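These notes are about the structure you will find just below.
The values are calculated or read from the model by the stated rules, or taken from the named source; none is laboratory data. The shown structure was predicted, so the numbers you read here are calculated from the model rather than taken from an experiment. All Cβ positions, even for glycine, are placed from backbone atoms using ideal geometry, and neighbour counts span all protein chains on display. Protein only, heavy atoms only, side chains kept; ligands, DNA and RNA dropped before computing areas. Shrake-Rupley method; radii C 1.70, N 1.55, O 1.52, S 1.80 Å.
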Amino acid sequence: MRATIDCVHCYLKQAVSCMKMIGMDEDAQHEIIYKLMDYVKTFDRTATPAENSTLVVLKAYELMKVDDPYKEAKKQSNDLALQLYPCLKYMVDENGDRLYKALKISVAGNIIDLGIRRSFNIEEELKYSTEIGFAKDHYQDFVKKLAQVEEILFLGDNSGEIVFDKILVEELAGLGKKVTYVVKEGPILNDATMEDAIYVGMDKVAKVITTGSRFMGVCFNHVSQEFADILYNAPLVIAKGQANFESLEQEEMARGKVYFLLKIKCDEVAKAADVRLGDLVFFAV
């Protein structure tokens, strides 16, 4: 997915969120945002929104002199989600297709995105995901492909959300699948890192690796060669969140094997996915 003119203000909005997260005064925020405006002018307009967003956020960190402004917020998100974990497990244990319910629980966790929304109601999102479900739904195709593979790669997204993903990983493991769960090498917004994975116990149910980069989504110019090889060779992939969609939906290697699982949070992603703002989706391109 290529960046559009509407992506530009989102880059800056994410930078402002970072500054507000540490309580920076407004004068200092203005000084940094004006520098970032000049920086954005140099960007490659054919790059993905995820790549350009990362460049802005990392530059903001440099100017702020803070490497992880979301550190405490990420822990709070993880703690909130861990409190919900027993309830989420109970939901899966109720009558019905366990894997399908686990997918709906996992996508509900995608609302925990402090880079875009500073507040959210996870209970409402759980109700919506279970009752309304996916606007674009390739579940049956996914199940057929899942039956043909032994291993699955899971590209994670945010802290907190990782607990909802753990529910899905446990169901996949229960079906005899070996799951490799992918996090970021270092902090970027509230994306999950190895620290988050260990904190919520993801390492107990899956092999956890990093992209070798702190770039949002999968930026092939920045991820490690080791991770790129794993992604290209994976027989089946679940990719959580908008940044992974923005990065991979146009890639030939994603065709028919990468299943995108996310809540649509912006108009440009809605256009690219051919759905409406606010929809939940699980589909391959």
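Computed quantities for the displayed model
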| item | result |
| --- | --- |
| Segment 169-194-segment 33-65 distance, computed between alpha-carbon centres (Å) | 27 |
| Contact order relative to length of the chain, as percent, for alpha carbon pairs under 8 angstrom and 6 or more apart | 21 |
| Antiparallel bridge percentage (DSSP; both residues within the chain; nearest 5) | 25 |
| Cut-off 20 Å, label 7 Å out along Cα→Cβ of Gln225, residues of segment 174-193 by amide N | 185 |
| Reference-scaled alpha-carbon Rg (2.2 N^0.38 Å with N residues) for the chain | 0.95 |
| Rule-of-thumb Rg ratio for segment 141-237 [Cα; 2.2 N^0.38 Å; N residues] | 1.04 |
| For Cys10, solvent-accessible area (1.4 Å; no DNA, RNA or ligand), Å² | 50 |
| Label point 7 Å beyond Cα of Ala173 along Cβ direction - residues of segment 92-113 with amide nitrogen under 17 Å | 92-93, 99, 102-103, 106 |
| Carbon + sulfur, % of accessible area of the chain - ligands and nucleic acids excluded, 1.4 Å | 50 |
| Debye log10 I(q)/I(0) for segment 1-121, one point scatterer per Cα, at q = 0.17, 0.19 Å⁻¹ | -0.90, -1.02 |
| Å² of accessible area per residue within segment 225-283, as computed with a 1.4 Å probe and no ligands counted | 36 |
| Loop sites in segment 144-231: GluC sites (Glu not before Pro), DSSP, at most 10 other Cβ within 10 Å | Glu150 |
